[in-house]
1. Could you run through segment B:123-132 and say how many residues are surrounded by 14 or more Cβ atoms within 10 Å (Cβ to Cβ) and modelled with pLDDT of 90 or more?
2. Just give me the residues in segment B:34-57 being within 15 Å of ligand 1 (Cβ to nearest atom), open to solvent by 20 Å² or more (accessible area, probe 1.4 Å) and either away from chain A (no Cβ under 14 Å) or touching a residue at least 40 places away in the same chain (Cβ under 8 Å) (or both), in sequence order.
3. State yes or no: is B:Asn115 closer than 21 Å to B:Arg225 by Cβ, modelled with pLDDT of 90 or more, in contact with a helix residue (DSSP H, G or I) (Cβ under 6 Å, 6 or more places away or on another chain) and among the polar types (S, T, N, Q)?
4. Please count how many residues of segment A:150-164 are buried (at least 24 other Cβ atoms within 10 Å of the Cβ) and away from every other protein chain (no Cβ under 11 Å).
5. Looking at segment B:211-230, is at least one residue over 18 Å from B:Val19 (Cβ atoms), touching a Leu at 6+ places or on another chain (Cβ under 6 Å) and open to solvent by 10 Å² or more (accessible area, probe 1.4 Å)?
6. Among the residues of segment A:210-225, are any touching a Phe, Trp or Tyr at 6+ places or on another chain (Cβ under 6 Å), over 18 Å from A:Gln69 (Cα atoms) and aliphatic (A, V, I, L, M)?
7. Listed residues B:Leu106, B:Leu116, B:Leu120, B:Leu140; which is over 30 Å from B:Asp81 (Cα atoms) and surrounded by 15 or more Cβ atoms within 10 Å (Cβ to Cβ)?
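The values are calculated or read from the model by the stated rules, or taken from the named source; none is laboratory data. Note that the structure is a prediction, hence the values are computed from the model and not measured. So basically every Cβ, Gly included, is an ideal-geometry build from the backbone, and we count neighbours across all protein chains shown. Accessible surface is based on the protein model in full, side chains and every heavy atom, while ligands, DNA and RNA are left aside. Shrake-Rupley method; radii C 1.70, N 1.55, O 1.52, S 1.80 Å.
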Amino acid sequence: MKTKLPVIKIVPKIRDASIKISEKTMVKTVEANEFLIGVADFFLFFSQAVRETFSRNFEFKEFLRQCHQIGFKSLPLISITGAIMGLVLTIQTRPVLDSFGAVSLLPSMVAISLVREIGPVITALICAGKVGSGIGAELGSMKVTEQIDAMEVSSTNPMRFLVVTRVLAATLMIPLLVLYADALGIMGSWIGVNIKGDVSFVLFISQAFSVFELIDFLPAVVKTFFFGAVIGVVGSYKGYTAGRGTESVGVAANSAVVLASLLVIIVDMIAVQITDMLI
Amino acid sequence: MEQVNNISISGMNNTETIVEISNLKKSFGNQKVLKDVTLQLYKGENLVVLGKSGSGKSVLIKCIVRLLNPDEGSIRVLGEDVSVIKREELSNLRMKIGFLFQSGALYDSMTVKENLEFPLRRIKKKMTQKLIDEKIAEVLENVGLLDVLHKMPSQLSGGMRKRISLARTIIVDPQIMLYDEPTTGLDPVTSDEISLLINQVQKKYKTSSIIITHDIECARATADRLVMLHEGQVYKNGKIGDYENSDDPFIKSFFKG
Ligand SMILES: Nc1ncnc2c1ncn2[C@@H]1O[C@H](COP(=O)(O)OP(=O)(O)O)[C@@H](O)[C@H]1O
Ligand SMILES: [Mg+2]
């Protein structure tokens, strides 16, 4: 990645211009400009992380450790929420379908809404909470206690060691967690169906996937990679740029969750629009 | 101690400059932290930099390893201008500098052993595990701690953490040591032990050191020469005796204890 992306050149210029404007203009516009500077800083951070991702010397061991931390350690939480998601969705949808005399559609309806939307978004939001705040707090406290500086002076690129590994781990683990949540959600749905009926698991599955198409599945999977990347980047950015003093650790964790959740929803909206155009 | 140090410095004819800071300026926003700092670190000496909290002592040594970029002025370390050298050269230079951070900066997620291995594996890439283990045992013995290898940093006391950070810093055989408030937050007995360790490191590894502190006891114990920082400038430069006999009220207020 020696060829610089144009954005890398433009963003610092916009940033400098924003700073100049906010210095010259009245107080009213300062907040708007701070927002712009924040956005520019975020993109600078992001482009630097991308550049480091494609450099040599990948920190494989730390990457595996982060996959364990982000993926494996989230399994209990995702198991419970996934199963309950399917169960509740089934119980809530049943009366509506019942009034149309279409209860036989229940499995496929729940499966489609789980796989297309509920599974990815709910799992991503839960991970924005768990993983985003975890990364934000960890990197934030490393920043405040000078551990990031210590890494830098020990000939280790902290961006590569801390940020790239976490962003990649989140980008790969969140999609896996979503698939896992989808599967458990469908199990939960089967339980939900059986509360007021008697459907064998095999029949349930064949009903659930009877109208299932690739377009129900593929875009939903693709967007989860973006959810994972967003959670990893935002968590790292908030932690890495934490201020001085211990209270900034809490601030970093909190704002990581807020921003990651917001961006997950926005990315989802964009993804749905794009999918809609493709159909 | 003071006399011993004076003797040792008078016996030192070598005045090769290791770190040369000229007209250094650094501001954060409107806050001018360093206004015009010029000072030298000579080979083999312990230079103590005194100053109130918030006077920019940490900023000064962070500029030396370019954790912060100075606004103006030049810093030459071992003859190289830190602010213009390329990334790789900077990395090579940093390998020769040991930085003891104020908070210790031990990696929370790693055991003591992993903390000590971390810089070794990254700076001396070709070292075998056997050599690494020997080196770890050596530095741990130097700091007087042996049975903590598999503990996490959170399980150590403040003094132990300082010692382990010191061990992690000296493990790569630095030529220059930068100590950021090595005794702050420690009890008087532990502080004295750390001061002693600083002197041992100087003798054993022949390092040139900058010791940042506002602890007069530590300064007395370790200094060959002292520089006082005040309002972003060097306020005084001299031996410990010059300070203790000074009539200047500001210096007196520091040394009244
Ligand atoms: N990275 C930074 N960003 C903004 N202000 C800073 C930064 N580092 C230090 N300062 C400010 O510079 C001043 C001197 O800090 P410092 O060098 O840490 O003081 P000390 O002499 O106690 O070590 C303080 O007022 C501090 O708030
Ligand atoms: Mg300080």
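1. Within segment B:123-132, residues that are surrounded by 14 or more Cβ atoms within 10 Å (Cβ to Cβ) and modelled with pLDDT of 90 or more number 1.
2. Across segment B:34-57, the qualifying residues are B:Lys35, B:Lys52, B:Ser53.
3. no
4. 2
5. No, segment B:211-230 has no match at all.
6. Looking through segment A:210-225, none of the residues is touching a Phe, Trp or Tyr at 6+ places or on another chain (Cβ under 6 Å), over 18 Å from A:Gln69 (Cα atoms) and aliphatic (A, V, I, L, M).
7. Residue meeting the stated conditions: B:Leu140.
Residue-by-condition table, conditions (1) crowded, with 20+ Cβ neighbours inside 10 Å; (2) at pLDDT 95 or above:
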| site | (1), (2) |
| --- | --- |
| A:Ser99 | no, no |
| A:Pro107 | yes, no |
| A:Pro120 | yes, yes |
| A:Ala128 | yes, yes |
| A:Gly134 | yes, yes |
| A:Met142 | yes, yes |
